[in-house]
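Undergrad: Have a look at this one before I ask anything.
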Amino acid sequence: MTFKNILTGAGFAALLGSASMGLSSCKKDFIDLNDPTRIPTTEGYTDSLSILNGVTAAYAGLQDIYGKSGSNNGLYVFSEIPSDNATTVISGQLLNEFDFFGITTSNPRLQSQWVVTYRTIARANVVLARAGGVKLTAATRARYAAEVKFIRALSYFNAVRIWGAIPLVTSEIATIPDAYTYGRTPVTQVYAQIEKDLTDAIADLPATVPAAELGRVTKSAAQGLLGKVYLTETKYSDAATILNTVITSNAYALQATYANIFSITNEMNSEILFAVRYSKGALGVGSPFANNFATASSLVGGIGTSDQFFTLHKGLVDAFTASGATDVRGAASYGTGTVGSTTVYYTKKYTDTPTASLDAENDWIVLRYADVLLMYAEAVNETSGPSAAALEAVNKVIRRSRNLPVGTLAPTVDLPATTTAAVLRDRIELERRLELNMEGHRWFDLVRTGRAIPVMTAYIAQYTIRPNNATTGNLVMIDTHNLVFPLPIQEIQTNSILTQNPGYN
């Protein structure tokens, strides 16, 4: 039995107090098929199996946050489409509003992301509230708590980067009226809770997990996420320290070949610290990305839709071209096709032949070792300038991008010891864009570093980008209010103490 199989079959019956469904399937599995928030908590969470299934449900909530058919498009709507990496080919799902900074507060993508985020947080809160009253070993109770604290922290980290100040809920909500007592919590307090959850989790998570549990949270995953949180808060010294802990643990390594990172036959490989896991096969827990991002039916073996929601913008393709023919990441990252008479560039990172439409195998990688190396180098550079260790961290990523051995000097591509802080800062920005393209980092990177407005303004001018790709009229405009997204209007209408972000009606 594997982690993915536990996810597939365990949830509903056990939450009702019945063990009849058991824990007995045998492929990708910590993926719950049902919504436990529809079950009164007084009827479940009464024994060890129901607590396990509560943890399962929290993991399953991450599928909704990162993208699941019938639930929510995914985090890429907020993390890639607004950036200079990506563009929308069609206006379906109103994703074009994110592409051209014309987001209306009634956009359904806002509402779905909000709902699945707080549903996942609620699942974590219920486990934390109820596990203390259930007979478990101390070690098991501590591990379950650590796992759902990581999930809660990740959910809040995504939410605070999307909306800024948000309701901070850390306990079980017993009644509907109670839910309406939560207004917006200042960003600093949300980050403080995220830090606390991850610090608590690190203390009780295992360093490694057996093969059958690949996908469950490890200590390094929590350390890596905490490093990203510190980096986002510009706590560079703290970020460097915790990220170096991941590096020196020697628990992870770059894959020798860039394309292998994303192969569905090589999931949870040596480079993956944490991924949201999916499994195809008509189980209801398949990945929608192969269909969502395909620009032609041939890319998904003729099975299901080719939605064209999310493609590379020519600006990213041009950046790969400028990086040189020896940079293998371009060929591994995108292919070229046409939609009508328009040339489009589709991502190869989520390629698969699904069992049925929106039912593919691809996991969504949340955190991987190349990201850790680049974050570490950035944190060191912003703390004290380039160091030999920081340069080596970046050089490892550069060498792998040229199919060179990562652990040996490569004078033709290595950054020299004389590299200045300014040059290293720019190079890290470029390497993050190329290395992590279409993985959900670019927009948040630009906002985090204060580069969103200058980079996007230059990009809009260079490629003459007008709203909805019009051929005439004013260019797209971006200003400080676009650095966060509007709260969904439905939530403000329902909860009178919620307020809207400035610049949105």
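The values are calculated or read from the model by the stated rules, or taken from the named source; none is laboratory data. Here the structure is a predicted model, which means the values were calculated and not measured. Virtual Cβ from ideal backbone geometry, glycine too; neighbours counted across all protein chains shown. Accessible surface is based on the protein model in full, side chains and every heavy atom, while ligands, DNA and RNA are left aside. Shrake-Rupley method; radii C 1.70, N 1.55, O 1.52, S 1.80 Å.
Undergrad: For the stretch 100-128, how many residues meet the condition of being among the small types (Gly, Ala, Ser) and within 20 Å of the chain's Cα centre (by Cα)? Write out each step before concluding.
TA: Looking only at the stretch 100-128, we keep the residues that are among the small types (Gly, Ala, Ser), and these are 102, 106, 112, 122, 124.
Imposing the further condition that a residue be within 20 Å of the chain's Cα centre (by Cα) reduces the set to 112, 122, 124.
Adding up the residues that qualify gives 3.
Undergrad: Give the residue, chosen from 97, 80, that is open to solvent by less than 10 Å² (accessible area, probe 1.4 Å), under 23 Å from the mean Cα position of the chain (by Cα) and among the acidic types (Asp, Glu).
TA: Values: 97 fails: open to solvent by less than 10 Å² (accessible area, probe 1.4 Å).
Result of the check over 97, 80: 80.
Undergrad: At least 2 residues that are open to solvent by 40 Å² or more (accessible area, probe 1.4 Å) and more than 20 Å from residue 435 (Cβ to Cβ) in each: list the helices (runs of 4 or more DSSP H) lying fully within the stretch 209-297 that qualify.
TA: Fully inside the stretch 209-297 and qualifying: 236-248.
Undergrad: Then there's this: For the stretch 476-503, enumerate the residues that are open to solvent by 30 Å² or more (accessible area, probe 1.4 Å) and within 12 Å of residue 101 (Cα to Cα). Walk me through it before giving the result.
TA: Let us first name the residues in the stretch 476-503 that are open to solvent by 30 Å² or more (accessible area, probe 1.4 Å), namely 477, 479-481, 483-484, 489-494, 496-497, 499-500, 502-503.
477, 479, 480, 481, 483, 484, 503 - these are the residues of the stretch 476-503 that are open to solvent by 30 Å² or more (accessible area, probe 1.4 Å) and within 12 Å of residue 101 (Cα to Cα).
Undergrad: Additional query: Would you point out the residue of the stretch 298-315, among those that are assigned to a loop (DSSP other than H, G, I, E, B) and not hydrophobic (A, V, I, L, M, F, W, C), that is surrounded by the fewest Cβ atoms within 10 Å (Cβ to Cβ)?
TA: Here is the first cut: in the stretch 298-315, the ones assigned to a loop (DSSP other than H, G, I, E, B) are 301-310, 313.
Still in the list and also not hydrophobic (A, V, I, L, M, F, W, C): 301-302, 304-308, 313.
Numbers: 301: 14, 302: 10, 304: 21, 305: 17, 306: 23, 307: 23, 308: 21, 313: 22.
Ranking the candidates gives 302 first.
Undergrad: Now for a different question. Part of a helix (DSSP H, G or I) and surrounded by fewer than 19 Cβ atoms within 10 Å (Cβ to Cβ): does that describe residue 318?
TA: On the way: part of a helix (DSSP H, G or I): yes; surrounded by fewer than 19 Cβ atoms within 10 Å (Cβ to Cβ): yes.
Judged against the criteria, residue 318 is a match.
Undergrad: Here is a further query. Just the residues that are under 21 Å from residue 322 (Cα atoms), open to solvent by 30 Å² or more (accessible area, probe 1.4 Å) and of a type in the set (Gly, Ala, Ser), please, taken from the stretch 371-427.
TA: The one that is under 21 Å from residue 322 (Cα atoms), open to solvent by 30 Å² or more (accessible area, probe 1.4 Å) and of a type in the set (Gly, Ala, Ser): 422.
Undergrad: Something else: Residues of the stretch 179-208 being crowded, with 16+ Cβ neighbours inside 10 Å, under 20 Å from residue 228 (Cβ atoms) and without any contact (Cβ under 8 Å) to a residue 60 or more places away in the chain, which ones?
TA: Answer for the stretch 179-208, where residues must be crowded, with 16+ Cβ neighbours inside 10 Å, under 20 Å from residue 228 (Cβ atoms) and without any contact (Cβ under 8 Å) to a residue 60 or more places away in the chain: 187, 190, 191, 193, 194, 195, 197, 198, 200, 201, 202.
Undergrad: In the stretch 152-178, how many residues are open to solvent by 30 Å² or more (accessible area, probe 1.4 Å) and either free of Cβ contacts under 8 Å to residues at least 60 places away in the same chain or more than 17 Å from residue 129 (Cβ to Cβ) (or both)?
TA: 10
Undergrad: Give the residues of the stretch 348-360 that are under 22 Å from residue 312 (Cβ atoms) and open to solvent by 10 Å² or more (accessible area, probe 1.4 Å), sorted by residue number. Before the answer, list the steps.
TA: Quick first cut of the stretch 348-360, residues under 22 Å from residue 312 (Cβ atoms) only: 348-354, 358, 360.
Scanning the stretch 348-360 gives 348, 350, 351, 352, 353, 358.
Undergrad: Shifting gears a bit: Sort out which residues of the stretch 100-119 are among the β-branched types (Val, Ile, Thr) and either open to solvent by 30 Å² or more (accessible area, probe 1.4 Å) or in a helix (DSSP H, G or I) (or both), and write them in order of number. First the steps, then the outcome.
TA: Let us first name the residues in the stretch 100-119 that are among the β-branched types (Val, Ile, Thr), namely 103-105, 115-117.
Within the stretch 100-119, 104, 115, 116, 117 meet the criteria.
Undergrad: Could you figure out which of (1) within 16 Å of residue 82 (Cβ to Cβ); (2) open to solvent by less than 20 Å² (accessible area, probe 1.4 Å) isn't true of residue 463?
TA: (2)
Undergrad: Follow-up. Give the residues of the stretch 209-234 that are closer than 19 Å to residue 247 by Cβ, in contact (Cβ under 8 Å) with a residue 40 or more places away in the chain and charged (D, E, K, R), sorted by residue number.
TA: 228, the sole residue that qualifies.
Undergrad: From 219, 228, grab the single residue that is in contact with a helix residue (DSSP H, G or I) (Cβ under 8 Å, 6 or more places away or on another chain), more than 30 Å from residue 487 (Cα to Cα) and of a type in the set (Lys, Arg). Quick ask: steps written out before the conclusion?
TA: On the way: 228 fails: more than 30 Å from residue 487 (Cα to Cα).
Just a single option satisfies the conditions, and that option is 219.
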